[in-house]
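What follows is a single structure, written as structure tokens, with notes after it.
The values are calculated or read from the model by the stated rules, or taken from the named source; none is laboratory data. Just so we're clear, the structure is a prediction, and the values are computed from it rather than from any experiment. Virtual Cβ from ideal backbone geometry, glycine too; neighbours counted across all protein chains shown. Each accessible area value is taken on the protein alone, full model and side chains, heavy atoms only, with ligands, DNA and RNA left out. Shrake-Rupley method; radii C 1.70, N 1.55, O 1.52, S 1.80 Å.
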Amino acid sequence: MAFSIVFGWGSGSFISLLPACIARISDIREIGVRVGMIYFVSAFACLTGNPISGALIQGTNYRWMQVFAVLVIFVGLSFFVALRMVQSRSLMKVV
């Protein structure tokens with residue numbers, strides 16, 4: 001139950017913050033195109049994540065599926081943090 005709550009909170013926040021982050025760094029005329037492109041790219045992860053997770057389930061043992069989910073979330077989080085650091089450096093140069 002705890003894993004489900006943490007996973008839902010984490011994945012939900014990544015999905016909902018993505019358009020806001022794109023809107024912050026994009027020109028107003030390019031927001032729709034960029035959001036569409038990022039969702040197109042993330043669709044591959046959505047299409048492959050469930051079969052991979054299903055293959056990692058062994059009977060009633062969900063441990064490897066949980067490890068896979070946590071690793072994927074932390075890799076995504078590291079990309080968000082890296083992009084935020086690059087963005088803040090570029091904003092500081094403008095100011």
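Within segment 51-63, can you find the residues that are surrounded by 11 or more Cβ atoms within 10 Å (Cβ to Cβ) and either of a type outside the set (V, I, T) or within 14 Å of the chain's Cα centre (by Cα) (or both)?
Matches in segment 51-63: S53, A55, L56, Y62.
With the structure loaded, tell me whether F80 is modelled with pLDDT of 90 or more and within 27 Å of R24 (Cβ to Cβ) or whether it fails that test. So F80 does not fit the description; no. A single entry from I38, I5, I15 fulfils the requirement of being within 13 Å of the chain's Cα centre (by Cα), in a helix (DSSP H, G or I) and modelled with pLDDT of 85 or more: I38. Among the residues of segment 27-48, those identified as closer than 22 Å to F68 by Cα and either touching a strand residue (DSSP E or B) at 6+ places or on another chain (Cβ under 8 Å) or not hydrophobic (A, V, I, L, M, F, W, C) (or both) are Y39, S42, T48.
Only one of the numbered conditions (1) at pLDDT 85 or above; (2) assigned to a helix (DSSP H, G or I) is not met by I28, and that is (2). If only residues of segment 31-48 that are open to solvent by less than 70 Å² (accessible area, probe 1.4 Å) and in contact with a helix residue (DSSP H, G or I) (Cβ under 7 Å, 6 or more places away or on another chain) are counted, the one that is farthest from F79 (Cα to Cα) is I31. Against the definition (of a type in the set (G, A, S) and without any contact (Cβ under 8 Å) to a residue 60 or more places away in the chain), how does A69 come out, yes or no? No, not satisfied. The set of residues in segment 5-30 being within 23 Å of N50 (Cα to Cα), among the small types (G, A, S) and surrounded by fewer than 10 Cβ atoms within 10 Å (Cβ to Cβ) consists of S16 alone.
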